[in-house]
1. Checking A37 against (1) over 16 Å from E85 (Cβ atoms); (2) in contact with a Phe, Trp or Tyr (Cβ under 7 Å, 6 or more places away or on another chain), which single condition isn't satisfied?
2. Report yes if some residue within the range 63-74 is over 27 Å from K124 (Cβ atoms), in contact with a Leu (Cβ under 8 Å, 6 or more places away or on another chain) and either free of Cβ contacts under 8 Å to residues at least 24 places away in the same chain or of a type in the set (D, E, K, R) (or both); otherwise report no.
3. Under the condition of being touching a helix residue (DSSP H, G or I) at 6+ places or on another chain (Cβ under 7 Å) and among the hydrophobic types (A, V, I, L, M, F, W, C), which residue from the range 55-70 is surrounded by the fewest Cβ atoms within 10 Å (Cβ to Cβ)?
4. Could you check the range 56-134 for helices (runs of 4 or more DSSP H) lying wholly inside it with 2 or more residues that are farther than 26 Å from L20 by Cβ and out of contact with any strand residue (DSSP E or B) (no Cβ under 9 Å at 6 or more places or on another chain)?
5. Taking E48 and the conditions (1) within 29 Å of K17 (Cα to Cα); (2) among the acidic types (D, E); (3) surrounded by fewer than 16 Cβ atoms within 10 Å (Cβ to Cβ), which numbered condition does it fall short on, given that it satisfies the others?
6. Out of the residues in the range 1-45 that are surrounded by fewer than 15 Cβ atoms within 10 Å (Cβ to Cβ) and among the hydrophobic types (A, V, I, L, M, F, W, C), state the one that is nearest to the chain's Cα centre (by Cα).
7. Taking the range 102-127, which residues are in contact (Cβ under 8 Å) with a residue 24 or more places away in the chain and exposed (fewer than 13 other Cβ atoms within 10 Å of the Cβ)?
Amino acid sequence: MAKPKVKPKPANPKVFKKGLEIRKAVLGKAYVENSIANADDFMMAFQEITTEYCWGYVWGRDGLSKKTRSMLNLAMLAALNRGPELKLHINGALTNGVTKEEMKEIFLQVGIYCGIPACLDAFKTAKDVFQERGV
């Protein structure tokens, strides 16, 4: 990992370490290391909370599989129309075993409960990721 501009100071280093491992496994080592290495004093707080609480504490729990967590993320991010984050998590969902067919069903469900525009954006984003990855 490139040396960060600012060193992370997590509240719980053990949970941060666990979160870092999970985050890299799902989103890709290069993406995560680049995010942390490029964080300045302002952005490092976000990297710490995301890695420690989101990835370490929540994603690190045993109650749901990583595949199920990815499926939930896809639905929520599509519903919220968070395109760039959805793209990142579509890649992570593929890594966690979510199939193209399952994603189609998730985004159709979003369309019914959250609106056709959200569904359309999710389908377009997924199509781009599938093309990039040859899926």
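Values in this text are rule-based calculations from the coordinates and carry no lab data. Because the structure is predicted, anything quoted here is derived from the model rather than measured. No Cβ is skipped: glycine too gets one built from the backbone with ideal geometry, and neighbour counts run over all protein chains shown.
1. (2)
2. Initial filter on the range 63-74 (over 27 Å from K124 (Cβ atoms)): 63-65.
Now drop any that are not in contact with a Leu (Cβ under 8 Å, 6 or more places away or on another chain), which leaves 64.
Applying the additional criterion that residues be either free of Cβ contacts under 8 Å to residues at least 24 places away in the same chain or of a type in the set (D, E, K, R) (or both) yields 64.
Yes, the conditions are met somewhere in the range 63-74.
3. Of everything passing the filter in the range 55-70, W59 is surrounded by the fewest Cβ atoms within 10 Å (Cβ to Cβ).
4. Ranges flagged: 66-79, 100-114, 116-133.
5. It is condition (3) that E48 fails.
6. A30
7. Residues satisfying the conditions are Y113, P117.
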